[in-house]
Amino acid sequence: MPTIARTAAELRAATVGSVALVPTMGALHDGHVSLMEQARPLAKTLVVSIFVNPTQFAPGEDLDAYPRTFEADLARCEAAGADVVFAPSVAEMYPAGLDGAITLDPGPLGAVLEGAERPTRFRGVLTVVAKLFGLVRPNVAVFGEKDYQQLALIRLMSRELRLGVEVVGCPTVREASGLAMSSRNQYLSDSERERAAAISAALRSGADAGAGGADAVLTAAAKILADAGIDPDYLVLTSPDLGPVQPTGEARLLIAARVGKPRLLDNISVTLGA
Ligand code: PAF
């Protein structure tokens, strides 16, 4: 059973040698287990943090309704070989209060795509991840590629602020239908779940059209979404670091779309040109 640390002092007592961190908000599913499995061999101590971070929820988003499944999460952490589960209180993470004096500005990359939809989200994410890096002092931290913009911003933060943490991105884990695993999937009805599979199908179709260039990629992906009756919030092709796409070479195709209540995100790597 992993050691449960609730405070910085308990955390310090429980970590030995090099440290790998998998930050989560709990409600762990197979996607998180895959992150833990990929993090496990990277360091002596594997720390999984479970903290539902209030500052990344906008006022309209229901923080209280966010699923909290601590006992089941613990069992998943144990099965994946975690040594320490860090589950701090809000007061431990935000000693100066939630409107705390210091927050992190995510800069221009935090204002587009998800940041345009939820303007305070990445400030909250970067602030809490920086706090986790300060508390856990990991050598390496592992995040899913599913939240691609989050991963890009955390990578940039670690580099720009010289935090010395290697940020590793892990491939998205998918259901048999191709649907990217997410704690939001639990809000899909059976028919919505079936329809939502069109998001990953659109990404694959777009990636398959890569040789024909950017327009061919976007047209192919848009057709699959339209056929499934999905009107995306965005369907964009960018460079791998979310800048403007180049005519040839590596690119990233990203989709955000509401299917029923939940807003689903997914993305895929695309090679443009022959
Ligand atoms: O991806 C998440 O679960 C959260 O945004 C993270 C990185 C744990 C920060 O709260």
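Tabulated data for the structure shown
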| item | result |
| --- | --- |
| Residue count, segment 30-56 (criterion: surrounded by fewer than 19 Cβ atoms within 10 Å (Cβ to Cβ), within 19 Å of residue 146 (Cβ to Cβ) and within 13 Å of the ligand (Cβ to nearest atom)) | 1 |
| Of residues in segment 129-138 being more than 9 Å from the ligand (Cβ to nearest atom) and among the hydrophobic types (A, V, I, L, M, F, W, C), the one surrounded by the most Cβ atoms within 10 Å (Cβ to Cβ) | 136 |
| Tabulated pairs, segment 52-68, first farther than 19 Å from residue 91 by Cα and assigned to a loop (DSSP other than H, G, I, E, B), second at pLDDT below 90 and near the ligand (Cβ under 10 Å from one of its atoms), C-beta under 7 angstrom, 6+ apart or interchain | 67/183 |
| Matching residues, segment 139-160, being in contact (Cβ under 8 Å) with a residue 60 or more places away in the chain, within 13 Å of the ligand (Cβ to nearest atom) and more than 24 Å from residue 257 (Cβ to Cβ) | 141, 142 |
| Condition met for residue 155 (modelled with pLDDT under 95 and under 20 Å from the mean Cα position of the chain (by Cα)) | no |
| 1 or more residues closer than 17 Å to residue 22 by Cβ and touching a helix residue (DSSP H, G or I) at 6+ places or on another chain (Cβ under 9 Å): qualifying helices (runs of 4 or more DSSP H) within segment 70-168 | 70-79, 90-93, 121-136, 148-160 |
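The values are calculated or read from the model by the stated rules, or taken from the named source; none is laboratory data. The structure displayed is predicted, hence computed values, not measured ones. Methodologically, a virtual Cβ is constructed for each residue, glycine included, from the backbone with ideal geometry; neighbour enumeration extends over all protein chains shown.
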